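**Student:** Right, I'll just put the structure down here and ask away after.
The values are calculated or read from the model by the stated rules, or taken from the named source; none is laboratory data. Keep in mind it's a predicted model, so treat the numbers as computed, not measured. Reconstructed Cβ throughout: ideal geometry from the backbone, glycine too, with neighbour counts over all protein chains shown. Side chains are part of the model used for accessible areas, which takes the heavy atoms of the whole protein and leaves out ligands, DNA and RNA. Shrake-Rupley method; radii C 1.70, N 1.55, O 1.52, S 1.80 Å.
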Amino acid sequence: MYLALLVIFLQCSELYTQERVFTFNTVEIKIRPSVKVKNGARMSVFCHADISKSTDFQLKHNFTIFKNGKPVFMSISDREDAQYEIPVARSSDTGEYECTVEAGGKTKSSNSLHVWVTGMTKPILTAEEKEVLEGEVVKLRCELPEEVPPLHFFFRKIKMNSTPKEKHVYEPYRNFSEVTFSVEEGDNILYFDCFGKRSVLLEFESSEHSNRTLVTVKEPFIKPTLNAKPSSNVTEGDRIQFECSTVVARMRDIEIILQKNKTILKSVQDEKILKYSAVATLEDSGEYLCKVEQGRASKTTKLNVVVSELFPKPILSASRSNLDENKELTLSCSISGFRKANFSILRKNSNGDISLKNSRNLTMRVNVNDTGSFICKAEVKGIVKESNPVMVNIYAPVSKPTLSVVSGLPEVVLGKPLRLICRSAMGTPPITFRFHKGNEVKTIVTNDTYAMFLDENIRQNDKKGYKCDARNNHSSGMKTSNILNITVIVPITSASLGSIPYGEVEDGHETAFLCSVKEGSWPIHFRIFRKTDHEVLLFETSENADRIVWRKKAMNRQDTGTYYCMASNRANVDVKSHPITISVILAVWQKGVIAASVLIPIAGAVTFASWWFLCKKKKAKGPSMEMSGSALATNLTSEKLTGQHNDGDYYSGSGYIEDSENHMKTTDETKGPDLESADVEYTEVEVSTLDPHRDSVENRHSRIQGHPDAT
């Protein structure tokens, strides 16, 4: 029974759940009266949820209204609508509005809607002081209590009959701002106001101006009075006195200053009057200024003073402005239209003027040290005036100049510039120097004691001499140097090296090396090097010639290598030849010794073999072999003679050695097993066809017979 009830309950619940189905169609937000609301007006925000249901059942709706992402209103209702009321809209209510509805576990949000509350509240301006003194400051505060930062504040200082002065302050985090304005001289009644601005959708919106605040300004002291006694128009020599005074509210920190052309003449502190006096001069004419300062406040008064001239400046004249030393100079001082004065003549000096004479006129014999500026002074009634300076130059004559080459030696390398210097040891500058090349004036230079000349046109066969002359303002005139002749050094060009013999030289023989140059000024420094693993200097010499020969007496195998020579002269340019290669080979006699050391053992071996063979033949000879041996000898002899006749060569002396060799060779070639024990002997053979040569045959026969080994 209980089980049946449980089943029925579950089925009923499922049916109930299936019947409570709903869905959000839309959620909408609206602003009334519109999305653009005037500041101070009423504003309403409406939120509506459009929901579809399976049946008619009640839902609890949770409404939340957001402004710029932050919730500003929440409500729970059975209805599908909610309303957010703002009785008085302010600019701070400007922003993005959005509505979110949650019901039955489902949530949906509306689109966002931008609301702009136009206009700003009127700012409130307050001044810290309503009454201030000149030089003090006014501190102001401007506030927009119902506005939200960031805000821009503008303050204005308004003075009668002048353009307002404005200050701007940006406040990113506050809805108020504070500034100060200085109270200047002439500020009597001041008004101040302010207004605000804010940025909305990249546009600036301004508030109306605040209330005007009145600030009254009091003077801490009155404008000073400046007087000159006896008058502002005086004559040189008169004493003039200045008085500057003021009236102050309080004496603390007050200062009075007297100025002329920004130069402070005198100042006093904590006093109401300043006095200053001086003997008037022409330089005292001009505008004087009296300034009174207290704190930041200051007031000034100006006075123009005219000083008339008592007498004009004196005039100094010289008998001559340029003269020779030991001559007389006369200086005269005068005042146009005025004679009663105390005169003095002085020479200017950096350490102080030197008085020469207290008189109107001065005559003196001068020397070079008297060169300089002279002045005269005139005094009347305590007023001293100085003349313009007069320059007097005293000249000593120039000495004979010397001309030399800057580098020292009177020579120049061809192609290089020549620098000359002309000096005059004596003489008052400025000195004018002239340079001559031959009879041509090349340049003119004015300097103190020397002058430089550069000749860049140097030729190989340049024979022109140089000279210079010097002169100054001395009456003695021009002095000329001695003629300077210059040696033109031609640099070395194209060095070459040769040898005799060339290429190969026998060991122990002499080799001659020839180093020469194509051109170059003498003397020439020659050097010969051998290059193996490193460079070795073999020979060097300096000669007044364009070539040298160096003989190497006995060459050896260590002298094999590469040789080259270098040549230089005073142009200081080393010119290197192309290299040559020398090989040292064996001498003829050295080759003979080597050949003899090889051939002598061979010849000894051949001689011993011949001797041994003849000895063996002698022992084997017997009677039974004479005939056969004679026959064989006859045949051999006939063949040999026939061969000699045909060749046409006849030998003597060493012919025996050749015949013996041939005989041995033939014997070796023809012997066989049957002839190993046979004896061979030589017999006389007469051949009738060889009559013309009979004597030769007989001689040959006699030689063979005469040999110690013959049978």
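**Student:** If amide H atoms are built 1.01 Å from N in the plane of the peptide, which residues on other chains or at least 5 residues away come under 5 Å of the amide H of residue 539?
**Tutor:** The list, which skips near neighbours in sequence, is 528.
**Student:** Looking only at Cα atoms, what is the convex hull volume of region 494-582 per residue, in Å³? Walk me through the numbers before you get to the answer.
**Tutor:** Working: hull volume 7.3 nm³, N = 89.
Normalising the Cα hull of region 494-582 by residue number yields 82 Å³.
**Student:** In addition: Report the net charge of residues surrounding residue 496, where surrounding means a beta-carbon distance below 12 angstrom and charges are Lys +1, Arg +1, Asp -1, Glu -1. Each step should come with its number before you reach the end.
**Tutor:** Numbers: positive: 518, 547, 576; negative: 546.
With Lys, Arg at +1 and Asp, Glu at -1, the net is +2.
**Student:** On the Cα set of region 124-218, report Rg and Dmax in Å, please.
**Tutor:** For region 124-218, the Cα-based Rg and Dmax read 13.9, 47 Å.
**Student:** To continue, here is another question. State, in angstrom, two size descriptors of region 189-272 derived from its alpha carbons: Rg to one decimal place and Dmax to the nearest whole number.
**Tutor:** Using the Cα atoms of region 189-272, the pair Rg, Dmax is 24.4, 78 Å.
**Student:** With θ set to phi - 60° and the Karplus curve 6.51 cos²θ - 1.76 cosθ + 1.60, what are the ³J(HN,Hα) couplings of region 99-110 in order, to the nearest whole Hz, using x for Gly and Pro?
**Tutor:** Going residue by residue, I get 10, 10, 10, 10, 7, x, x, 10, 9, 8, 10, 8 Hz, with x marking Gly and Pro.
**Student:** Moving on to the next point. What does the charge count around residue 60 come to, taking other residues whose C-beta lies under 10 Å from its C-beta (Lys +1, Arg +1, Asp -1, Glu -1)? Each step should come with its number before you reach the end.
**Tutor:** On the way: positive: none; negative: 78, 102.
Here the charged neighbours net out to -2.
**Student:** Pairs of alpha-carbon atoms within less than 8 angstrom and 6+ residues apart define the contacts here; what relative contact order does region 494-582 have, in percent? Mind showing how you got there, number by number?
**Tutor:** Details: 208 pairs, mean separation 32.8, N = 89.
So the answer I get is 37 percent.
**Student:** Related question: Give the peptides 554-563, 350-359, 181-190, 425-434 in descending order of average Cβ contacts within 10 Å, highest first. Could the numbers behind the result be given before it?
**Tutor:** Working: 554-563: 14.6, 350-359: 11.4, 181-190: 16.4, 425-434: 18.6.
Descending mean neighbour count gives 425-434, 181-190, 554-563, 350-359.
**Student:** Go through 553/576; 400/463; 38/60; 108/197; 518/552 and tell me which ones have a Cα-Cα distance over 31 Å in this structure. Present the calculation step by step, with values, prior to reporting the outcome.
**Tutor:** Working: 553/576 24 Å; 400/463 24 Å; 38/60 35 Å; 108/197 37 Å; 518/552 24 Å.
Cα-Cα > 31 Å for 38/60; 108/197; rest within.
**Student:** Related question: Return, for the Cα atoms of region 315-395, the radius of gyration and Dmax in Å, separated by a comma.
**Tutor:** Just the Cα atoms of region 315-395 yield Rg and Dmax of 12.6, 40 Å.
**Student:** First compute the accessible area of region 315-395 with a 1.4 Å probe, then give the percent of it belonging to carbon and sulfur atoms.
**Tutor:** Values: 1890 of 4550 Å².
Ligands and nucleic acids excluded, carbon and sulfur give 42 percent.
**Student:** Taking the mean number of other Cβ atoms within 10 Å as a proxy for protection, how do you rank 402-413, 159-170 from highest to lowest?
**Tutor:** Result, highest mean Cβ count within 10 Å first: 402-413, 159-170.
**Student:** For region 225-305, go through all pairs of different Cα atoms, get the mean of 1/r, take its inverse, and jot down that Kirkwood value in Å. All intermediate terms of the calculation are to be shown ahead of the outcome.
**Tutor:** Numbers: mean 1/r = 0.0769 Å⁻¹.
For region 225-305, the Kirkwood estimate is 13.0 Å.
**Student:** List the lysines whose alpha-carbon lies under 23 Å from that of residue 291, not counting same-chain residues fewer than 8 positions away?
**Tutor:** By straight Cα distance, residue 291 reaches 218, 223, 229, 260, 262, 266, 272, 275, 299, 302.
**Student:** Separate question: Take peptides 463-476, 534-547 and line them up by average Cβ neighbours within 10 Å, highest first, as a rough protection proxy. Numbers along the way, then the final one.
**Tutor:** Working: 463-476: 18.2, 534-547: 12.6.
Ranking, from highest mean packing down: 463-476, 534-547.
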